[in-house]
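This report refers to the structure that appears directly beneath it.
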Amino acid sequence: MGEPYIRPRKGSIEKPLRIAVLISGSGSGLLALLNHQQSNKSPHSTKLIISDNENAGGLRHGEDFAIPAVAIPLPDFADKSQQRKIHENLIHDMLIDSNIELVVLSGYMRILTSTFVSKWKGRLINIHPSLLPKYPGAHAHRDALADGAKITGCTVHLVDEGVDTGEIIAQEEVEILNGDTIEKLQERVKKIEHELYPKILDIFCSQNV
Ligand code: GAR
């Protein structure tokens, strides 16, 4: 669909890919990634953290790891499409200014426009808390429980112009247990995500295109 994927260069331990992580909330996935990068020889290194939410708890991880962490909230504009465009332009400019080579979405809860996606396609990766194509969107756990599913999980995928429709890179299953609530399920899925995402990023970043 749309533009082709253009992959980043091959990263190495000597010259890791420069990553920006985009978050909206608590940033537990970001923290797992930063811990992984700190304790392993990794072909990627986080150089920038951006949140669309000024109150995102995850921003504090920037301070702890001495990585620039900035909030770029939606600017005030009556025209919603203009507002999205300007917001994404601010993010794009910051990514360029920081020489970012790969954008990692980790709990970033805004849908990116096709204009932004086309600039980063192949260098824009996301983790989603379901086995895509099942339960796309912002309420994956709620939707899985409402559907009576017995298995859910998480998916690492490249971002394309659709909502959670891009090329799937990896998936891991999580069992849904009797008595599960959204919160309990989310917690178990996050545990798996925290292992899977850094591991898949290691492989993705060290691959020859
Ligand atoms: C994660 O479970 C991630 O998969 C999900 O948000 C959570 C972020 O948690 N992402 C989406 O639902 C994207 N549609 P965190 O802020 O604690 O890392």
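Readers should treat all values here as calculations from the given coordinates under stated rules, not as data from a laboratory. Computed from a predicted structure; not experimentally measured. Positions of Cβ are generated from backbone atoms using ideal geometry, with glycine treated the same way; all protein chains shown enter the neighbour counts.
In table form, for the structure just shown:
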read-out	value
Sorted by Cβ density within 10 Å, fewest first, the residues 118, 45	118, 45
All lysines inside 23 Å of residue 150 as judged from Cα atoms, apart from same-chain residues fewer than 8 positions distant	134, 184, 190, 191
Residue order, fewest to most beta carbons within 10 Å, for 46, 165	165, 46
Amide H contacts of residue 124 (H built 1.01 Å from N, under 5 Å, at least 5 apart or other chain)	103, 159
Fully extended contour minus Cα-Cα distance, from residue 35 to residue 115, at 0.36 nm per residue	25.6 nm
Helix-only CD estimate at 222 nm, as mean residue ellipticity for the chain, using -39500 (n - 2.57) per DSSP H run (n ≥ 4)	-11000 deg cm²/dmol
Sites residue 191 and residue 71 - FRET efficiency at Förster radius 35 Å, r taken between beta-carbons, to 0.05	0.80
Cα gyration tensor of the stretch 122-181 - equivalent ellipsoid semi-axes, whole Å, descending	23, 11, 7
Most mobile of 40, 55, 178 in a GNM of the chain (Cα contacts under 10 Å)	178
Net charge of Cβ neighbours under 11 Å - reference residue 197; Lys, Arg +1; Asp, Glu -1	-2
Nearest-0.05 FRET efficiency for residue 150 and residue 96, computed from C-beta distance (R0 41 Å)	0.35
Potential extension, residue 163-residue 13 segment - 0.36 nm per residue separation minus Cα distance	50.7 nm
Partner lysines for residue 119 [C-alpha distance under 24 Å; skip if fewer than 8 residues away on the same chain]	10, 15, 47, 80, 85
Cα pair distances of the stretch 2-68 binned at 10 Å [whole percent]	20, 46, 26, 7
Ordering of 72-79, 198-205, 3-10 by packing [mean C-beta count within 10 Å, highest first]	198-205, 3-10, 72-79
Cα-based Rg of the stretch 1-125 normalised by 2.2 N^0.38 Å, two decimals	1.05
For the chain, convex hull volume per residue from C-alpha positions, Å³	123 Å³
Dipole magnitude of the chain, debye to nearest 20 (Cβ charges: Lys/Arg +1, Asp/Glu -1, about Cα centre)	460 debye
